[in-house]
1. Which one of these does T122 not meet: (1) touching a Phe, Trp or Tyr at 6+ places or on another chain (Cβ under 8 Å); (2) surrounded by 21 or more Cβ atoms within 10 Å (Cβ to Cβ); (3) farther than 15 Å from I31 by Cβ?
2. Within the bounds of segment 138-147, is there any residue that is in contact (Cβ under 8 Å) with a residue 12 or more places away in the chain and under 10 Å from the mean Cα position of the chain (by Cα)?
3. Among (1) within 26 Å of K8 (Cβ to Cβ); (2) surrounded by fewer than 17 Cβ atoms within 10 Å (Cβ to Cβ); (3) in contact (Cβ under 8 Å) with a residue 40 or more places away in the chain, there is one condition G109 misses while meeting the rest; what is its number?
4. Report the residue count in segment 102-117 for those that are in contact with a strand residue (DSSP E or B) (Cβ under 6 Å, 6 or more places away or on another chain) and either assigned to a loop (DSSP other than H, G, I, E, B) or under 19 Å from P62 (Cα atoms) (or both).
5. Answer yes if at least one residue in segment 97-106 is closer than 15 Å to E126 by Cα, touching a residue at least 24 places away in the same chain (Cβ under 8 Å) and of a type outside the set (D, E), and no otherwise.
6. Identify the residue in segment 25-37 that is out of contact with any Gly (no Cβ under 9 Å at 6 or more places or on another chain) and either in a loop (DSSP other than H, G, I, E, B) or modelled with pLDDT under 70 (or both) and, among all such residues, is surrounded by the fewest Cβ atoms within 10 Å (Cβ to Cβ).
7. Looking at A82, A78 in this structure, which one is among the small types (G, A, S) and in contact with a Cys (Cβ under 7 Å, 6 or more places away or on another chain)?
8. Any chance you could count how many residues in segment 87-106 are hydrophobic (A, V, I, L, M, F, W, C) and either surrounded by fewer than 20 Cβ atoms within 10 Å (Cβ to Cβ) or closer than 15 Å to F70 by Cα (or both)?
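The values are calculated or read from the model by the stated rules, or taken from the named source; none is laboratory data. Keep in mind that this is a model prediction, so the values were computed, not measured. Don't worry about glycine lacking a Cβ; one is built from the backbone with ideal geometry, like all the others, and counts go over all protein chains shown.
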Amino acid sequence: MASNTDQKTDDEWRAILSPEQASFRARFFRILRQKGTERASTGEYDKHFDEGVYSCAACATPLYKSTTKFDSGCGWPAFFDAIPGAVTRHTDSSWGMERIEIVCTACGGHLGHVFKGEKFDTPTDERHCVNSVSLKFKDGDGVEKSG
C-alpha cells in the first residue's frame with residue numbers, strides 16, 4: 001500500500017479544504033481531518049446510485065466504484081469493497097469498542113468505518129460505511145457531480 005504522500009498540517013488543510021461557506025468547511029474539516037461523523041441520512045450520497053467513481057473529497061484520489069455501492073439502510077453511503085490500495089484500515093478504539101477505521105491512503109483523510117459479518121448479500125460480507133462529506137462523485141464519463 002502507498003504511504004500518505006500528501007501530508008499537510010491542520011492549518012494547511014483548513015486553508016485549502018472546500019472554498020464553500022464556512023459551516024460546510026468546518027464540517028468537512030471535522031470529519032476528514034478530525035475523524036468526525038456526519039449525522040445519519042444527511043449526506044448527499046446515501047441514496048445516490050449513479051454509475052461512476054467516488055473519490056476522496058480532500059485529494060481527489062479514486063476510492064470506490066459505483067459497482068461496489070449498495071443500499072444498506074444505515075444512513076450513510078455503503079460499499080462492499082474499495083479500489084485496491086486506495087483505502088487504508090486502522091484499529092479504532094475511541095468509543096470503548098474496537099472498530100476498523102478507513103482512511104484515504106493518499107492523504108490520510110478519514111472516510112468512516114468497515115463493519116464485517118452483517119450478512120449483506122455482497123461478495124465480501126463487509127460494509128464500508130463512508131461519510132458523504134469525505135467523497136466527491138464523478139459520473140461514468142468523468143464529470144464531477146454534486147448530489
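1. Single failed check for T122: (2).
2. Looking through segment 138-147, none of the residues is in contact (Cβ under 8 Å) with a residue 12 or more places away in the chain and under 10 Å from the mean Cα position of the chain (by Cα).
3. (2)
4. Going through segment 102-117, the residues in contact with a strand residue (DSSP E or B) (Cβ under 6 Å, 6 or more places away or on another chain) turn out to be 102-105, 109-116.
Restricting the remaining residues to those that are either assigned to a loop (DSSP other than H, G, I, E, B) or under 19 Å from P62 (Cα atoms) (or both) gives 102-105, 109-114.
Adding up the residues that qualify gives 10.
5. Yes, that holds for at least one residue.
6. Taking the candidates together, the pick is Q34.
7. On the way: A82 fails: in contact with a Cys (Cβ under 7 Å, 6 or more places away or on another chain).
Going through A82, A78 in turn, just one is among the small types (G, A, S) and in contact with a Cys (Cβ under 7 Å, 6 or more places away or on another chain): A78.
8. Result for segment 87-106: 3.
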